[in-house]
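Read through the structure below, which is laid out as structure tokens, and then see the notes.
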Amino acid sequence: MFEEYIIAIVSATVLGLILRLPILPDKPMRNSWMISIIFPTVILAVGFFAIFNYFKVYNNIYTAIIIGIFSAVFSKFFLERVFPKPEIGEQA
Amino acid sequence: MISPTETLPWISFYLGIALLVIGSLGVVFGPKASKEPIIRLINLTVPITGIALIFISYNYTLTMLTILSVNTMFYIITIRAIIRLEEMEALY
Amino acid sequence: MVMIEFPYAAVILMIVGAIGGLLQTRPIDKILMLAVLGDGLISMIAAYQYLDVAMASSFMTFVGIIIIMIGLIRTLEIKKARGELF
Amino acid sequence: MIEETIIAGIIIYMGLRLFITQDSLERMPYLNVINFGVAAIITLKNPSPLGVVTSMIYFIMATVAANAIAFTINKIKEIEHGND
Amino acid sequence: MNEIIAITIGAILSWINFVIIDIWMGLPESPGVRGAEAIGKSIENRGGDLGGGYFSGNIVCSPDASAGTLLASCGYYAFGSPEGGLIAALFVYFGNRICADPGYAGTTGALSATILIWAATYIGINPQNFIVGMLLAALTIQGIYHPYSSKLIGKMARKMNRKVIKD
């Protein structure tokens with residue numbers, strides 16, 4: 001049961017390294033908006049694979065690899081467009 | 001003690017009628033409702049909620065969704081009209 | 001042992017939201033009470049176990065609240081520019 | 001069954017307390033507790049995956065609305081008393 | 001009688017979880033949005049602490065570790081396995097990005113709450129005890145009396161080296 005999660009994490013990490021995402025965010029780590037491997041990419045991969053793991057048909061290795069690739073590409077190219085970084089102190 | 005899970009339609013129906021009557025009186029005679037039109041618009045949400053409760057007591061779910069979405073569209077149009085009237089100074 | 005079932009809480013939320021929303025005079029207090037009224041409506045729908053309807057109605061209720069507040073801020077700015085505010 | 005009683009009691013207490021306070025900024029944490037209670041009891045009465053997705057969407061939308069209400073209170077205070 | 005003890009233990013565990021993670025992620029330091037700043041100043045005017053006020057305002061204005069703990073316990077209870085907590089972490093991250101927040105506190109709180117509930121099921125505490133316990137914990141912070149709770153949070157924040165940053 002836990003092997004697929006580890007495979008998804010490894011797949012997301014490898015494709016993130018190929019796409020030149022940074023491993024850790026900037027140094028005051030709780031205030032930075034930088035997209036890196038350890039914060040959004042791995043959590044996106046684990047969360048998306050947990051959704052697919054609920055339907056008992058799709059919990060195999062190939063789905064885990066595809067989910068890892070998808071989460072790395074999503075956090076590299078589309079995350080800034082879907083949820084843009086706000087202006088200084090602006091909301092609603 | 002009366003269990004509300006059996007008498008849930010009755011509670012919903014009579015509460016909806018009460019909200020409809022109170023809300024209609026509040027839209028017409030509410031405090032400061034005749035001076036500012038946005039207060040009258042805010043008061044109008046209470047009878048809409050009463051109508052939604054009456055519909056949900058008869059299990060008309062699609063009707064209730066329709067009236068809530070039409071309510072939101074009505075907000076958009078009326079807010080634009082109020083802003084135009086404020087800009088033209090034709091309100092008072 | 002005393003037992004309070006859940007729809008009574010929803011009924012009290014809706015009564016509080018309706019009375020408070022009608023009798024307050026400042027617009028922002030009325031909007032906050034309307035949020036309480038929407039909470040009561042969604043919890044009453046969830047007591048009927050229509051979960052998809054609860055999802056869609058929560059979306060529409062809070063989007064309507066945000067639209068009203070945008071109009072409120074715009075109206076107050078126009079009144080401030082005309083010098084009619086207090 | 002005791003969980004439902006506790007949650008309903010907390011919601012009723014917070015609703016009555018929100019009704020009698022007068023400061024509008026003091027009411028915002030009480031509204032937050034009401035959002036927590038409703039999101040908790042939607043899942044507690046409907047233990048299914050659709051129920052928990054409903055609870056999550058409700059809580060996120062309610063938090064966005066509370067954020068907008070707090071921003072609007074601050075903005076109205078700035079407009080009325082001048083930006084200092 | 002057994003359930004009351006379980007609810008008490010769940011309340012204490014979830015209180016420790018969300019307060020420690022929220023203070024560690026720097027919520028009492030600065031207000032994220034301007035509404036949180038207004039709530040913090042209001043609590044300070046009523047006789048409380050400014051750091052605790054910013055903490056309370058940040059909890060109101062964006063789903064932080066408190067929402068992470070609540071939704072992770074809801075997911076664990078509905079799915080019946082730890083994968084509900086992971087889905088809750090995903091949703092809390094999306095909600096944080098909508099509310100103009102980086103989102104570290106919410107996801108960290110959801111993941112740690114998942115681990116905590118998974119460990120607590122071996123001593124007989126069910127996830128619904130954690131749901132009610134999280135509501136009681138939020139009530140003690142936000143709902144009883146604001147000056148006392150904000151002074152408590154401010155004292156804990158000063159002990160954990162997360163003071164209010166003054167510009």
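The values are calculated or read from the model by the stated rules, or taken from the named source; none is laboratory data. The shown structure was predicted, so the numbers you read here are calculated from the model rather than taken from an experiment. Ideal geometry is used to build each Cβ from the backbone, glycine not excepted, and the neighbour counts take in all protein chains shown. Heavy atoms of the whole protein, side chains included, go into the accessibility calculation; ligands, DNA and RNA do not. Shrake-Rupley method; radii C 1.70, N 1.55, O 1.52, S 1.80 Å.
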- Task: Could you tell me, in Å, what Rg and Dmax come out for the Cα atoms of chain C?
- Result: 16.6, 62
- Percent relative contact order for chain D, counting Cα pairs under 8 Å at least six residues apart, stands at 25
- Message: Please report the equivalent ellipsoid semi-axes of chain D, computed as sqrt(5 x eigenvalue) of the Cα gyration tensor, largest first, in whole Å.
- Response: 31, 17, 5
- Estimated inter-spin distance, E:Lys41 and E:Thr121, nm [label 7 Å along Cα→Cβ]: 4.8
- Query: Tally Lys/Arg at +1 and Asp/Glu at -1 over every other residue whose Cβ is under 11 Å from the Cβ of C:Val16; what's the total?
  - Reply: 0
- For A:49-56, mean number of other protein chain Cβ atoms within 10 Å: 4
- Task: Set the Förster radius R0 to 41 Å, insert the Cβ-Cβ distance between B:Trp10 and A:Ile23 as r into 1/(1 + (r/R0)^6), and round the FRET efficiency to 0.05.
- Result: 0.10
- Item | Cα-based radius of gyration of chain A once divided by 2.2 N^0.38 Å, which approximates compact folds | 1.18
- Judged on accessible area alone, 1.4 Å probe, highest first, D:Leu16, A:Leu21 line up as D:Leu16, A:Leu21
- Cross-link reach list, aspartates and glutamates versus D:Lys45, counting only Cα pairs under 17 Å and skipping chain neighbours closer than eight places: B:Glu6, C:Glu5, C:Asp39, C:Asp52, D:Glu3, D:Glu4
- Query: For all pairs of alpha-carbon atoms in segment B:4-91, what percent lies in each bin of width 5 Å, listed from the first bin to the last filled one?
  - Reply: 3, 14, 18, 19, 18, 12, 8, 5, 2, 1, 0
- Query: When the solvent-accessible surface of protein heavy atoms is calculated with a 1.4 angstrom probe, in what order do E:Arg162, E:Arg97, E:Arg46, B:Arg84 fall, highest first?
  - Reply: B:Arg84, E:Arg46, E:Arg162, E:Arg97
- Item | Cut-off 9 Å between beta-carbons: net charge of the residues surrounding E:Leu50, Lys and Arg +1, Asp and Glu -1 | -1
- May I ask for the angle, rounded to the nearest 10°, between helix D:2-20 and the longest principal axis of chain D, with both axes built from Cα atoms and the value confined to 0 to 90°? 20
- Query: Leaving out ligands, DNA and RNA, what percent of the accessible area of the protein assembly as shown is carbon and sulfur, probe 1.4 Å?
  - Reply: 67
- Message: Rounded to whole Å, give me the distance from the Cα center of segment E:15-53 to that of segment C:1-79.
- Response: 26
- Note on the structure: For the pair C and B, the solvent-accessible area buried on both sides (1.4 Å probe; DNA, RNA and ligands excluded), in Å² to the nearest hundred, is 3800
- Message: Using helices alone, I'd like the mean residue ellipticity at 222 nm for chain A: each DSSP H run of four-plus residues gives -39500 (n - 2.57), total over residue count, nearest 500.
- Response: -16000 deg cm²/dmol
- 10 Å binning of all Cα-Cα separations within the protein assembly as shown, expressed as whole percents from 0 upward: 4, 18, 29, 27, 16, 5, 1, 0
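Taking K and R as +1 and D and E as -1, what net charge do the other residues with C-beta under 12 Å from the C-beta of B:Arg40 add up to?
+2
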- How many nm is it between the label spots at C:Glu84 and E:Asn161, if each spot is 7 Å from the Cα in line with the beta carbon? 5.8
- Give me the angle, in degrees from 0 to 90, between the Cα long axis of helix A:42-54 and the longest principal axis of the Cα atoms of chain A, rounded to the nearest 10. 40
- In chain B, what GluC sites (Glu not before Pro) fall in a loop by DSSP, with at most 10 other Cβ atoms inside 10 Å? B:Glu6, B:Glu89
- Query: With helices defined as uninterrupted DSSP H runs, which ones in chain E have an alpha carbon span along their own long axis of at least 30 Å and mean Kyte-Doolittle hydropathy of at least -1.0?
  - Reply: E:2-24
- With Cα coordinates, the longest principal axis of chain D makes an angle with the long axis of helix D:27-45, in degrees rounded to 10, of 20
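Can you give me the accessible area per residue for chain C, using a 1.4 Å probe, in Å²?
Here the per-residue accessible area is 36 Å².
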- Got a sec? Which residues in segment E:71-109 would a label at E:Ile20 touch, if it sits 7 Å along Cα→Cβ and we count backbone N under 15 Å? E:108-109
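Tell me the GluC sites (Glu not before Pro) within chain D that lie in a loop according to DSSP and have at most 12 other beta-carbon atoms within 10 Å.
Sites meeting the loop and neighbour criteria: none at all.
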- Note on the structure: Within 10 Å of the Cβ of an average residue in D:15-27, the count of other chain Cβ atoms is 5
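Over chain A, with the other protein chains present, what is the accessible area per residue in square angstrom, probe 1.4 angstrom?
Result: 61 Å² per residue.
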- Go ahead and set up a Gaussian network model of chain E, Cα springs under 10 Å, then flag whichever of E:Ala72, E:Ala11, E:Ala100 fluctuates most. E:Ala100
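Taking loop as defined by DSSP and a crowding limit of 13 other beta carbons within 10 Å, which chymotrypsin sites (Phe, Trp or Tyr not before Pro) in segment A:29-58 fit?
In loop regions of segment A:29-58 (DSSP not H, G, I, E or B), the sparsely surrounded chymotrypsin sites (Phe, Trp or Tyr not before Pro) are A:Trp33, A:Phe55.
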- Mean other chain Cβ within 10 Å across A:24-31 is 3
- List of segment E:28-62 residues, accessible area with partners at least 30 Å² below that of the chain alone (1.4 Å probe): E:Glu29, E:Val33, E:Arg34, E:Gly35, E:Ala38, E:Ile39, E:Ser42, E:Arg46, E:Val60, E:Cys61
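Rank these by accessible area, largest first, 1.4 Å probe: A:Met34, D:Met1.
D:Met1, A:Met34
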- Query: Calculated from DSSP H runs of 4 or more alone, at -39500 (n - 2.57) each and per residue, what is the 222 nm mean residue ellipticity of chain D, nearest 500?
  - Reply: -30000 deg cm²/dmol
- Note on the structure: With the 8 Å Cα cutoff and a minimum separation of six or more residues, chain A has a relative contact order in percent of 38
- Query: Measuring from centroid to centroid over Cα atoms, what is the spacing of segment B:13-76 and segment E:91-166 in Å?
  - Reply: 37
- Note on the structure: For D:His81 the rounded accessible area (nearest 10 Å², probe 1.4 Å, non-protein molecules ignored) is 140
- Which whole-number percentage describes the relative contact order of chain B, with Cα contacts under 8 Å and a sequence gap of 6 or more? 29
- Message: Am I reading the D/E interface right? What is its buried accessible area, both sides, 1.4 Å probe, to the nearest 100 Å²?
- Response: 3700
